[in-house]
Amino acid sequence: MTKLISVAVILLLGAAGLANAECGGSIKLNYGDPPGYISTPNYPQEYIADLDCIWVISVPSGNKVQIDFEDAFDVEPESRCTYDALELYDGSTSYNLITRLCGDTLPLTQKSTGPSMTLRFYSDSTIHHKGFKAKYSIGASESDAECWTKWFDRDNPNRRGDFETLAFLHQEYPGKICETPLQIEVQTTSGASVDTTGDTIDTSDTTTGFICRNSDQKPGRCSDYKVRFQCPRNFCCREGNLCWTNWYDSDDPDGRGDRERLSVLQDKYPGEICDSPQEIEAMTVDGTPAGRTNQSFKHFSSTEGLVCWHDDQQPGIRCYDYKVRFGCQCPMSAAATSSKKTSRLQEKS
């Protein structure tokens, strides 16, 4: 079923954003560009028959292409993904297959080893499903592991909207955000993704920042948003900014629930987590942010870690299996610094 991909047959697009509505395309992402999206034609409705869509995504040299799957992944299931499938290849040809995906399990984040990745989606003539939506972005290189600023929420959507712009943020938080961020991340103040709000967004990029105008919403007004920025390592490792630990999944949701306690993790992974983390992030092991699971937590804080009890959930619902990571002030604690040979900050996965 697999065919050799020839880049020569790829539809060249004038702008990366046009790829959202096309079956394939050549997409180039530069520093300062916001992440983009590709999806199966008709998404979120069922894709059509006999598709053979090829996207080639490239980023600046020294970086990686990062693919994050959002919403649902629903492609005709089959043990070898023979009928319908999404294939990811390392580079701009079909020689190095990373993975072949089908079924209804939301895939984990995928990354290339170099500055390009090829994605191919094909379907046969029968049985069609919802398909997929994937975000592409610039992934940090191995030598420039991820460092993100803290979250900023300088505005509320009470008047014109929510304006989390870099000009205002640089003025109000001097020295806390680099002049030229690599990426921007936006969530509601409750931790939900922008896609779940239904809001029409005016701007979301690393040049202007984030703008949601109440006048663009029909009806209602913008949600309340917070933003953070990815900056180069040499900026992030300054006082006041955060470096993120590995992801940890030390417990399974057996027995009473899932327990990812900070104290237990510090004992189990000595030197890898600072004494007093500033922030915590959590998601299910298959990539759903904890804030979007609608589950109740006994503890969810940078001082305690995460604890989810089955008894605290709705009848018949059990806690998911979670993983956590912690934001520590850069530079890391002395204990963590002394263990560089056995521990390093990982890229976002």
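Is it the case that I54 is open to solvent by 10 Å² or more (accessible area, probe 1.4 Å), in contact (Cβ under 8 Å) with a residue 60 or more places away in the chain, touching a Leu at 6+ places or on another chain (Cβ under 8 Å) and not small (G, A, S)?
Taking the combined requirement at face value, the residue satisfies it.
Could you grab me the full set of residues in region 180-218 that are more than 26 Å from R292 (Cα to Cα) and not in a helix (DSSP H, G or I)?
Correct list: T180, P181, T207, T208.
From the list E87, E76, which one is more than 28 Å from I201 (Cβ to Cβ), surrounded by 19 or more Cβ atoms within 10 Å (Cβ to Cβ) and without any contact (Cβ under 8 Å) to a residue 60 or more places away in the chain?
Exactly one of E87, E76 is more than 28 Å from I201 (Cβ to Cβ), surrounded by 19 or more Cβ atoms within 10 Å (Cβ to Cβ) and without any contact (Cβ under 8 Å) to a residue 60 or more places away in the chain, namely E76.
How many residues, within region 301-316, are in a loop (DSSP other than H, G, I, E, B), over 22 Å from Q329 (Cβ atoms) and open to solvent by 80 Å² or more (accessible area, probe 1.4 Å)?
Of the residues in that region, 3 qualify.
Taking the conditions exactly as written (open to solvent by 40 Å² or more (accessible area, probe 1.4 Å) and either modelled with pLDDT under 90 or farther than 29 Å from W247 by Cα (or both)), does P157 satisfy them or not?
no
Check E179, E164 and return the single one that is of a type in the set (D, E) and open to solvent by less than 10 Å² (accessible area, probe 1.4 Å). Give the derivation first.
Numbers: E179 fails: open to solvent by less than 10 Å² (accessible area, probe 1.4 Å).
On inspection, the qualifying residue turns out to be E164.
So T113 clears everything in (1) open to solvent by 30 Å² or more (accessible area, probe 1.4 Å); (2) at pLDDT 85 or above except one condition, right? Which one?
The number of the failed condition is (2).
Looking only at residues in region 116-127 that are within 10 Å of A49 (Cα to Cα) and open to solvent by less than 40 Å² (accessible area, probe 1.4 Å), which one is nearest to the chain's Cα centre (by Cα)?
Ranking the candidates gives Y122 first.
Would you pick out the residues in region 36-51 that are of a type in the set (F, W, Y) and open to solvent by 20 Å² or more (accessible area, probe 1.4 Å)?
Once the filter is applied, which keeps residues that are of a type in the set (F, W, Y) and open to solvent by 20 Å² or more (accessible area, probe 1.4 Å), region 36-51 yields Y37, Y43.
Tell me which strands (runs of 3 or more DSSP E) are completely within region 75-179 and hold 3 or more residues being within 25 Å of K323 (Cα to Cα), or say none if there are none.
By residue number, 97-101, 131-139.
Restricted to region 201-218, and to residues that are within 20 Å of the chain's Cα centre (by Cα) and over 15 Å from R154 (Cα atoms), which residue is most open to solvent (accessible area, probe 1.4 Å)?
Among them, the one singled out is T207.
The values are calculated or read from the model by the stated rules, or taken from the named source; none is laboratory data. Computed from a prediction, not measured in an experiment: that's the story for all the values here. Note that we place each Cβ from the backbone using ideal geometry, even for glycine, and neighbour counts take in every protein chain shown. All accessible areas refer to the heavy atoms of the entire protein, side chains included, with ligands and DNA or RNA removed. Shrake-Rupley method; radii C 1.70, N 1.55, O 1.52, S 1.80 Å.
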